[in-house]
Amino acid sequence: MVQFDFKAVGTTWHIDIYRDLDKAEEADLLSKIKLRIEDFEKVYSRFRDDSLVTKISKEAGTFLLPRDAETMLSLYHDLYIRTGGFFTPLAGRLLSDAGYDAKYSLQQTGELKAPPAWDDVLDYKHPKLLVKEPVMLDFGAAGKGYIIDLIGHVLQDNDIFGYCIDAGGDILRRGSDSIRIGLEHPDNKDQVVGVYLLGNGAICGSAGNRRKWGDFTHIINPKTLTSPKDIKAVWVSAKTALLADALATCLFFVPADLFKGVYEFEYMIIRDDMSLEKSEYFSDEIFVS
């Protein structure tokens, strides 16, 4: 087995590969993984001065998006419509002004404003994105999940079909058996509230306990301009990390029933009073009720 550990996109990555590689193969594969992440950030990161997203925040026009954009942008648009705008890539300025900015200042700057409506500023017909006025996009609600999936594609393109990718607790796994995943207690990182048995698929979680300042977390309601207080943590399992990551954010704002029959997923929510809501098949090994 081969293991890779490194930092990227603001978190720690741990990748297990369930086969042996020689030193040259290891070095080549790690280089390909890091290059894929770098290419992704050059397009989608609002924390980089040289990214396409930063360019879009400064000028209007028609931008040619890379081939991988279609999967993520299509999901963003569908969830934007289904949630009535609660799930939106247009919240970059809101997040930045609240303090979650490129310098990670964690200081609110001025009065917060609701994000613009999608159709008012964007027209997306892959591969072209028409930006009608400069707008700060943010893909943090699903971008990490998507880059995890893309790294899975890198592994599979290199004939590796058994692996586990863990990026800051968001996990994608392919393998013949299952592993036990501890679900971190939202009030104590040294405890777990349950265990999830992960086979072939992904599990992603979202909580406000890691990025928190003043009255804000990195999760901000685009309509009330406040961070949710009624939910402590959400976990979602799905076939892809992109979908799991996206729905984990959506469930802070809208009920899970909104997506049933549309997407295949399981979920668990812990509310502010530590009460529990979960789908039937999420896990039976939960230590809160």
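The values are calculated or read from the model by the stated rules, or taken from the named source; none is laboratory data. Worth saying up front: this structure is predicted, and the values here are computed from it rather than measured. Please note: Cβ atoms are built from the backbone with ideal geometry, for glycine as well, and neighbour counts cover all protein chains shown.
Going residue by residue through the stretch 71-84, is there one that turns out to be of a type outside the set (S, T, N, Q), touching a Leu at 6+ places or on another chain (Cβ under 6 Å), surrounded by 18 or more Cβ atoms within 10 Å (Cβ to Cβ) and modelled with pLDDT of 95 or more?
No; the residues of the stretch 71-84 include none that is of a type outside the set (S, T, N, Q), touching a Leu at 6+ places or on another chain (Cβ under 6 Å), surrounded by 18 or more Cβ atoms within 10 Å (Cβ to Cβ) and modelled with pLDDT of 95 or more.
If I filter the stretch 255-289 down to residues being among the β-branched types (Val, Ile, Thr) and surrounded by fewer than 16 Cβ atoms within 10 Å (Cβ to Cβ), which single residue comes out as modelled with the lowest pLDDT?
Val288
Please tell me if Ser227 is of a type in the set (S, T, N, Q) and crowded, with 22+ Cβ neighbours inside 10 Å.
no
Of the conditions (1) in contact with a strand residue (DSSP E or B) (Cβ under 8 Å, 6 or more places away or on another chain); (2) under 24 Å from Leu150 (Cα atoms); (3) surrounded by fewer than 20 Cβ atoms within 10 Å (Cβ to Cβ); (4) in contact (Cβ under 8 Å) with a residue 60 or more places away in the chain, Lys239 satisfies every one except a single condition; which number is it?
Here Lys239 clears every test but (4).
Given the conditions (1) part of a strand (DSSP E or B); (2) loosely packed, with under 13 Cβ neighbours inside 10 Å, report the number of the one that Phe63 does not fulfil.
The one condition Phe63 does not meet is (2).
What is the residue count in the stretch 205-214 for residues that are on the phi < 0 side of the Ramachandran plot and either in contact with a helix residue (DSSP H, G or I) (Cβ under 9 Å, 6 or more places away or on another chain) or surrounded by 20 or more Cβ atoms within 10 Å (Cβ to Cβ) (or both)?
Going through the stretch 205-214 one residue at a time, the tally reaches 4.
Among the residues of the stretch 185-197, what is the count of those that are surrounded by 19 or more Cβ atoms within 10 Å (Cβ to Cβ), in contact (Cβ under 8 Å) with a residue 24 or more places away in the chain and assigned to a strand (DSSP E or B)?
Going through the stretch 185-197 one residue at a time, the tally reaches 3.
Of the residues that sit in the stretch 103-138 and are in a loop (DSSP other than H, G, I, E, B) and of a type in the set (Val, Ile, Thr), which one is modelled with the highest pLDDT?
By that ranking, first place goes to Val135.
Determine which member of the set Tyr163, Tyr196, Tyr146 is in contact with a Gly (Cβ under 9 Å, 6 or more places away or on another chain) and within 26 Å of Lys232 (Cα to Cα). Walk me through it before giving the result.
Working: Tyr163 fails: within 26 Å of Lys232 (Cα to Cα); Tyr146 fails: in contact with a Gly (Cβ under 9 Å, 6 or more places away or on another chain).
Only one candidate passes the filter, namely Tyr196.
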